[in-house]
Structures are given as C-alpha cells and as structure tokens.
Amino acid sequence: MRRSAPALGILLAVAVAAAGWWAVTYNRLVQARAAVDGQWAHVETQYQRRVDLVPSLVEAVRGTLTQERAVIDAVLRARAAYLAAPPGSERRVEEANNLEQPLSRLLGVVESYPQLKSSDTVLRLMDELAGTENRIAVERRRYNERVQIYNTLVQQVPSALVARAAGFHPRPYFEAVPAARTAPAVTLPAP
C-alpha cells in the first residue's frame, strides 16, 4: 500500500497538470475567438458608417447628375441590400463588397464633373467617404491579424487537440472580391 501512494500522488499531479493545461489552452482559444469577433464588429461599424454616408452623398449629387440616375440607383440598391442582410453574416460581407463597385462608379462620376467636384458639400462628403474607406481597410487588416492568431492556435499542436475537442474551427480571412482588382469603368456623355 505504501509503494502505491507515491505512484498515486504522481498520477494525481499529472492529472491536475493536464487539466490545468487544458483549461489554460481552452481559455486562450476563447480569448482569441472573442478577439476575432470583436475585431469583426469594428469592421461592421465602419461598413455601417459608409452606409450612413451614402444617402448624403447621393442627395448632394442627385440634382446635378440627372443623367447618371443608373449609378445613383445602383448605389441605393446596394446600400439597401447591405442593410437587409443579417449583421455578422457572410451575406452581409458579400453585400458590403457589392456596395464598393457602384460607390466607386459614383465617385468616378463626381471626379469627372468639375462643377460638382467643387461643391463644398460633395467635397466634404467625399473626404468623409475616403476616410471611411481607409478605416475599413485598417479594420479589415486588423481583423485578418486576429484571424491569423486565432487560426494558429486552432491548428498548432498541442492547442489543436483542445480546439478540435472543444469545437473551435479556423475562421476565414477577409479577402477582396475579384471585381476589386480592376478599376470601375466610368463612361460619361461628352460635354
């Protein structure tokens, strides 16, 4: 009986150490997942800021550009689709990406009309929108950094053992849509 007491003590110490390691690893995974979710919320906030600026920009441009009604309508449709998508969903990300193309076309149109470009309201709104686009880019980059940290924890041994058993899965990186690789074509009537 005396000989088994030290062995039992060692076995108990190993079990306590393993349980402690499991708990610490699990908590690190939860913390990394929460950081990814929190960073995605920052991306969504900037998307919302962009969507909130669109009506003001459209109204400032609408009166001057009646012949560019199709561009304005495309921006408004894309904005409505974004707002209709469930927050945090893949569809919401797709709709945010879909808003970029008509918005780029609208900005191209504004750049091509000197009288509109010189309007203080339009100029201010374009500056706000440019700042928002920069913020979106920064938040997307930060999101991808958080995803990289999380995915590394989920896939690296030994934490992968805990991740697999506890249901943690790698998260997708934000990737630009294929259309973002080419500049939008803006065709304007001759003056």
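All of the numbers you see were taken from the coordinates with simple rules; none came from a lab. Here the structure is a predicted model, which is why all the values come from computation and not from measurement. Using ideal geometry, Cβ is built from the backbone for each residue, glycine included, and neighbour counts are taken over all protein chains shown.
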Calculated from backbone phi, Karplus (6.51, -1.76, 1.60) coupling profile of segment 79-86 in Hz, x at Gly/Pro:
5, 4, 5, 4, 5, 7, 6, x
Förster-model FRET efficiency, 41 Å R0, A19 and A81, C-beta, rounded to 0.05:
0.25
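Report the local net charge at V36: Lys and Arg +1, Asp and Glu -1, summed over other residues whose C-beta lies under 12 Å from its C-beta. Write down the numbers at each step before the final one.
Numbers: positive: R33, R142, R146, R171; negative: D37, E145.
Every neighbour counted, the sum reads +2.
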Over the Cα atoms of segment 9-175, what Rg and Dmax result, in angstrom?
22.8, 84
Leading residue at positive end of dipole, segment 9-175 (Cβ point charges), from F168, S104, W21:
W21
Under 5 Å between amide H atoms, partner at least 5 residues away or on a different chain: which partners does R171 have, H built in plane at 1.01 Å?
N151
